[in-house]
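Accompanying notes for the structure given below.
The values are calculated or read from the model by the stated rules, or taken from the named source; none is laboratory data. Computed from a prediction, not measured in an experiment: that's the story for all the values here. Because the Cβ atoms are built from the backbone with ideal geometry, glycine has one as well, and the counts that use them run over all protein chains shown. We work out accessible area using only protein heavy atoms, side chains counted, and drop any ligands, DNA or RNA first. Shrake-Rupley method; radii C 1.70, N 1.55, O 1.52, S 1.80 Å.
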Amino acid sequence: MTQDELFKVLVAHCKEYGFIFPSSEIYDGLAAVYDYGQMGVELKNNIKQYWWNAMTRLNENIVGIDSCIFMHPRIWEASGHVGAFNDPLIDNKDSKKRYRADVLIEEFLAKIEEKMNKEVEKGRKRFGEAFDEDQFRATNPNVLREKAKFDAVHSRFVEVQEAGDLAGYKQIIVDNNIVCPISGTCNWTDVRQFNLMFSTSMGSTAEGANTIYLRPETAQGIFVNYLNVQKTGRMKLPFGIAQIGKAFRNEIVARQFVFRMREFEQMEMQFFIKPGTELEWFAKWKENRMKWHVNLGMGAENYRFHDHEKLAHYANAATDIEFCFPFGFKELEGIHSRTDWDLGNHQKFSGRKIQYFDNETSEAFTPYVVETSIGVDRMVLAVLSHSYKEEQLENGESRVVLSIPAPLAPVKAAVLPLVKKDGLPELAQEVMDELKFDFNCQYEEKDSIGKRYRRQDAIGTPFCITVDHESLVDRCVTVRDRDTMQQERVPIGELRSLIDKRVNLNNLLRNL
Ligand code: ATP
């Protein structure tokens, strides 16, 4: 199966098993908006809990807040979103499709890189053990030709981005004959800026109404509460404020499922520090966040840092943690050193003094900030796309299994009476009652045991517990492991600790 096909199959699987549905589906859906179903919401909540506890429980100097989606409109002037939260947009005149000009160029660059890598792989096959990749890259004429092309386009791209040169984007597209994937033509409109914020109005009368925005990030809710939290929590630098909440962006290109949505959820943490220590904290948070990801056991090779060459106006260092999604390595989380840009601007725009008084040095200053910002939905997609497997079994059958890291699995255990009679449902219900306070469990008595196992595999349930006739006598049950499919006989009284060992979130947190 190609990665493209895998992605399509995954989207269908998410719908079939109650993870993610297109929003407003009975009205044919709403572009780039998705709802989480009965399984999806559990997975999402577990991810949020893993993040929240890692931030606020493991760090005594990080506390949480929950600020509103609606905020004073001046906030978005101070943050730069009214003036500069724009994407360069371009339309193809033949297909009438709209694209982000920067993304078209990035994809073009990725294709050149792919060509170079293919040449390298050919060389590796040809030369076998004696292959020296560095030497090959430095001398092979095909690789060198592609590399020169890449460098030329890339350096122009960086210049154009830095200058915000809209005509420059178009020129790169035209010069390199970058075509629309739908129409195949290079018949483009000019590039225009497009503000990504959604607006609405607040107030009961038309004259008195104010234009307000749906927040495009949760971070500003943290900045404008900095003084409140610092004072009421008697927080000393360095300290952090964490928040999980919805954000809204009128994205131009709305493809790739929950990777890019118009309504999505972020988990952000702003870490307030002394000016001058930001690069040290930036390095620490890079390491800390990568550890959080790798700790889930989805393979360290599936993550990489992508340090930014072009820095946003507010940042003096920035990196992305990228994950290997079915459509390639893409941003999952951003880590930014934002200096005093946000607090400084809120000070200017609000007229309030936003500072920290250092008792030791008797100095007052505006703290610097290092932020970590991750999309919950991208994390859900990372987990699901990594977990989805179609396996061929020894007995000739096949199964679809979601090998979701056990502490994140929506359902931790399924309790299955072998038959719907002879007192087995009653005993199974007793097992449910024993487990339900600690774990999200599912009781299922329909269909054959084999079919029930398959259904649980497909939603990623780590344990299936079967109650049979012998259980009535020995009060033992059969426990089947999702990944190994091994079965063992376990006394009912030991179930709780057996399941807990594998699914307790604290085990993950302890490794951090
Ligand atoms: P991209 O370059 O992919 O548009 P970004 O750099 O604009 O992302 P940030 O502003 O740094 O993203 O937002 C922080 C995080 O929020 C991202 O790493 C991502 O996980 C998530 N995120 C941003 N935009 C979206 C979206 N439209 N849908 C889902 N998640 C998003």
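Here are the numbers:
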read-out: Any hit, the range 255-272, residues being out of contact with any strand residue (DSSP E or B) (no Cβ under 7 Å at 6 or more places or on another chain) and farther than 22 Å from residue 402 by Cβ; value: yes
read-out: All positions within the range 304-331 that are open to solvent by 60 Å² or more (accessible area, probe 1.4 Å), in contact (Cβ under 8 Å) with a residue 60 or more places away in the chain and more than 12 Å from the ligand (Cβ to nearest atom); value: 309, 313
read-out: Selection count where residues are closer than 17 Å to residue 270 by Cα and surrounded by 14 or more Cβ atoms within 10 Å (Cβ to Cβ), scope the range 62-77; value: 6
read-out: Matching residues, the range 219-268, being over 26 Å from residue 347 (Cβ atoms) and open to solvent by 40 Å² or more (accessible area, probe 1.4 Å); value: 246, 249, 250, 255, 256, 260, 262, 263
read-out: Lone qualifier among 297, 233, 221 - being within 16 Å of the ligand (Cβ to nearest atom) and out of contact with any helix residue (DSSP H, G or I) (no Cβ under 7 Å at 6 or more places or on another chain); value: 221
read-out: Where residue 301 falls short, out of the listed (1) over 21 Å from residue 337 (Cβ atoms); (2) within 23 Å of the chain's Cα centre (by Cα); (3) in contact (Cβ under 8 Å) with a residue 24 or more places away in the chain; value: (3)
read-out: Pairs with Cβ under 8 Å, 6+ apart, first in the range 448-468 and without any contact (Cβ under 8 Å) to a residue 12 or more places away in the chain, second among the aliphatic types (A, V, I, L, M); value: none
read-out: Single unsatisfied condition, residue 391 versus (1) acidic (Asp, Glu); (2) within 16 Å of the ligand (Cβ to nearest atom); (3) open to solvent by 30 Å² or more (accessible area, probe 1.4 Å); (4) not in a loop (DSSP other than H, G, I, E, B); value: (2)
read-out: Within the range 429-444, tally of residues that are free of Cβ contacts under 8 Å to residues at least 24 places away in the same chain and more than 10 Å from residue 496 (Cβ to Cβ); value: 4
read-out: Residue check for residue 261: in contact with a helix residue (DSSP H, G or I) (Cβ under 7 Å, 6 or more places away or on another chain), within 16 Å of the ligand (Cβ to nearest atom) and more than 30 Å from residue 146 (Cα to Cα); value: yes
read-out: Output for the range 246-258, where each listed residue is more than 8 Å from the ligand (Cβ to nearest atom) and either assigned to a strand (DSSP E or B) or closer than 17 Å to residue 68 by Cα (or both); value: 246, 248
read-out: Qualifying residue in the range 370-384 (condition: away from the ligand (no atom under 16 Å from the Cβ) and in contact with a strand residue (DSSP E or B) (Cβ under 6 Å, 6 or more places away or on another chain)); value: no
read-out: Strands (runs of 3 or more DSSP E) completely within the range 337-381 that count 2 or more residues being within 28 Å of the chain's Cα centre (by Cα); value: 368-375
read-out: Selected residue (criterion: farthest from residue 182 (Cα to Cα)) from residues of the range 95-153 that are polar (S, T, N, Q) and open to solvent by less than 90 Å² (accessible area, probe 1.4 Å); value: 139
